[in-house]
Every structure is written in C-alpha cells, then in structure tokens.
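The values are calculated or read from the model by the stated rules, or taken from the named source; none is laboratory data. Here the structure is a predicted model, which is why all the values come from computation and not from measurement. Ideal geometry is used to build each Cβ from the backbone, glycine not excepted, and the neighbour counts take in all protein chains shown. Surface accessibility is based on the protein's heavy atoms, side chains included, excluding ligands, DNA and RNA. Shrake-Rupley method; radii C 1.70, N 1.55, O 1.52, S 1.80 Å.
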Amino acid sequence: MKELKIAVIGAGLMGGGIAQTCIQAGYEVVNIDVLEPALEKANNTIVKLLNKKVEKGRMTAEEKADILSRLTFSTDFQSLKGIDLVIEAVPEKIEIKKETFSKIDSYADEKTIIVSNTSGLSISEIASTTKRPEKVMGVHFFYPAPVMKLAELIRGIATSDETYELVKAFVIDIQKEVVDCPELPGFIVNRILVPMMNEAAFLVMEGCKPEDVDNAMRLGANHPMGPLELCDFVGIDIMLATMKGLYEGFKDSKYRPCPLLDNMVKAGCLGRKSGKGFYEYK
Ligand code: CAA
C-alpha cells in the first residue's frame with residue numbers, strides 16, 4: 001500500500017476512471033459522490049473492466065481482489081478526514097467546481113492538497129474559493145483515464161513549488177507521462193484536439209458523411225478513432241462545452257462552436273451515453 005491516501009470527488013466517467021487508475025497503482029482511494037447511484041455505477045464499471053483483464057489473462061483473480069480492496073465509496077464529505085490528496089472530477093461548470101472546492105476546503109485537513117481534473121477552467125479562480133490556494137493545482141486526465149498515458153499539469157497563480165513537486169511525483173507514480181501547461185483555456189491537448197473535432201462537425205453540416213470524415217482521419221492521419229467517433233465517445237455535450245470554453249476564453253472567432261453540435265445537444269443526441277450521436281448505439 002502506498003503512503004498517500006487519496007479521495008476522488010465525483011463518480012462519473014472521469015472520476016471512476018481516475019479512482020481505478022490510483023487503486024491499480026497501489027493507492028488507497030475513497031470515491032465520494034453525493035449521488036449513491038453514481039457510486040454504484042462507478043463500482044460496476046471498475047469491476048467489469050478488471051474482470052475483463054482477468055478473462056484476458058492480464059491479471060490474476062487475487063490481483064483483482066487486492067486492487068478492489070483499496071477502493072471504498074462514500075456520499076459523506078466527512079470521509080475526507082485523514083486524506084492527503086483530493087482529486088476533484090465533478091461536472092465541468094465553474095459554479096459547481098467552486099462550490100465543490102469550497103466544500104472540500106471546509107472538510108479536508110489543513111495539510112491536504114486539492115487538485116482539479118478541469119479540462120480548461122481557471123485553476124486560480126477555483127483555488128480562490130479555498131483558504132489554501134497554494135495547495136491547489138490542475139491535473140487533467142484523458143478519457144478513458146486508466147488507458148490514456150497523459151496527464152496535463154497546470155499551476156494556478158498561487159500554487160507552491162512544494163505542491164507542484166508532490167503532485168507531479170504522484171502522477172508519475174500512477175504511470176502517467178506529464179506535460180506542463182499554461183493556465184489558458186483548453187491547456188494543450190483540448191486546444192488542439194477539440195477544434196479539430198469541431199471542424200469535423202462542420203464538414204458533416206456541409207454534407208459530408210460521418211463515416212467518410214472518420215475514415216479519412218483514421219487512415220490518412222493514423223488517428224486511433226475518427227474525430228466524430230471521438231465526439232460520440234467523450235460526449236457531444238462535453239465536447240461542445242469545451243469548445244465554448246475556448247471561444248469565450250480567447251474571444252477569438254477561430255474557436256466558434258459548430259451549430260450542428262449545439263442542435264445535437266438540444267435534441268439529446270449526446271453520443272454513446274445517450275445511444276445516439278453521429279452514430280447510433282444499441
Ligand atoms: N474505459 C476504460 N477502459 C477502456 C475503455 C473505457 N471506456 N475503453 C477501452 N478501454 C480499455 C480496454 O478495456 C482495454 O484494456 P486492456 O488492454 O487492459 O484489455 C484497452 O482500453 C484497449 O481497448 P480495446 O482493445 O477494446 O480497444 P482499442 O485498442 O480500440 O482502444 C481506445 C480503445 C484506447 C479508447 C482507443 O480507441 C483510443 O485511444 N481512442 C482515442 C481516445 C482519446 O483520444 N481520448 C481523449 C479524449 S479527449 C479528453 O478526454 C479530454 C477532454 O477533456 C474532453
């Protein structure tokens with residue numbers, strides 16, 4: 001068992017994936033969410049993914065049991081007592097992030113470091129809701145978190161060197177490669193990746209078939225997934241919110257969100273999770 005005790009706040013796709021990444025690396029984790037069903041869903045997903053690894057012969061049943069023994073779930077922020085590092089992964093809305101950070105700050109021990117998995121919001125603004133802005137920074141994971149090798153590190157204006165070094169060492173220890181990012185909307189990956197996905201949506205709006213756009217990028221640029229498949233995979237709503245963040249953050253028309261994405265979200269076509277996006281899912 002590793003020394004640092006970890007809490008992951010939020011049991012959505014990212015929170016569950018981050019919790020899984022940490023327990024697989026030997027850390028003890030409590031996954032906290034205000035919604036009990038979200039915790040149950042996260043638990044089921046993690047168990048299913050680990051079962052798949054056992055079936056494929058990548059892990060023994062004993063290893064799986066050992067990994068799962070390090071994970072607990074809670075709906076109570078009192079569970080933050082004794083935690084060294086909190087990883088926040090709640091929905092990507094500044095008001096929700098700020099409210100969550102203020103709540104974490106009031107329950108967590110004084111020594112506790114808090115990181116946000118924001119994909120582009122201001123770390124300094126989020127940190128300003130706490131009495132410990134020097135112990136706050138951003139660590140942006142990618143979906144699916146247990147598989148994707150990168151984590152972006154983002155320092156807020158007040159983040160101390162001590163916090164940065166400790167968090168960086170932890171992220172490397174959970175087997176991620178790190179890059180330092182400017183505290184600007186989209187950081188590095190989303191600033192490049194999401195406008196590409198947005199441009200793919202424009203192509204569809206102009207009459208291209210989604211299959212043609214995706215085949216073109218998979219075969220012509222060696223991307224593991226086409227940009228529209230990827231939109232469906234991460235969620236059209238998440239993708240649109242990230243694009244809007246770039247547009248509002250830089251006030252530059254080159255980041256204008258594609259109106260088709262807006263219409264799809266209004267129609268409830270959110271990608272894989274809703275059964276329909278650029279493609280249909282059974
Ligand atoms: N959750 C967890 N694990 C998953 C998963 C999921 N949703 N989907 C696949 N995996 C795991 C599988 O279990 C498998 O694990 P093992 O090797 O241990 O068996 C591994 O990934 C490979 O899966 P597959 O063999 O089934 O499929 P694949 O080789 O086609 O890879 C993929 C799947 C890794 C998702 C690959 O298609 C890929 O890399 N796609 C691009 C993903 C990407 O670009 N992500 C970034 C999104 S942007 C973002 O996250 C930022 C943001 O803020 C919006």
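Structural remarks
- The stretch 114-133 - residue that is without any contact (Cβ under 8 Å) to a residue 40 or more places away in the chain and not in a helix (DSSP H, G or I) and, of those, nearest to residue 186 (Cα to Cα): 118
- Leading residue by the ranking (farthest from residue 185 (Cα to Cα)) among those in the stretch 215-231 that are touching a Pro at 6+ places or on another chain (Cβ under 9 Å) and open to solvent by less than 30 Å² (accessible area, probe 1.4 Å): 226
- Here no strands (runs of 3 or more DSSP E) wholly within the stretch 6-101 include at least 3 residues being within 13 Å of the ligand (Cβ to nearest atom), charged (D, E, K, R) and surrounded by fewer than 16 Cβ atoms within 10 Å (Cβ to Cβ).
- Condition broken by residue 200, with the remaining ones in (1) within 26 Å of the chain's Cα centre (by Cα); (2) open to solvent by 60 Å² or more (accessible area, probe 1.4 Å) satisfied: (2)
- Residue match in the stretch 206-213 (condition: at pLDDT 95 or above, within 22 Å of residue 122 (Cβ to Cβ) and either out of contact with any strand residue (DSSP E or B) (no Cβ under 7 Å at 6 or more places or on another chain) or not in a loop (DSSP other than H, G, I, E, B) (or both)): no
- Test: residue 249 is touching a Ser or Thr at 6+ places or on another chain (Cβ under 8 Å) and more than 13 Å from the ligand (Cβ to nearest atom): no
- If the condition is being within 16 Å of the ligand (Cβ to nearest atom) and of a type in the set (Gly, Ala, Ser), then the stretch 102-146 contributes 116, 119, 120, 122, 138, 145.
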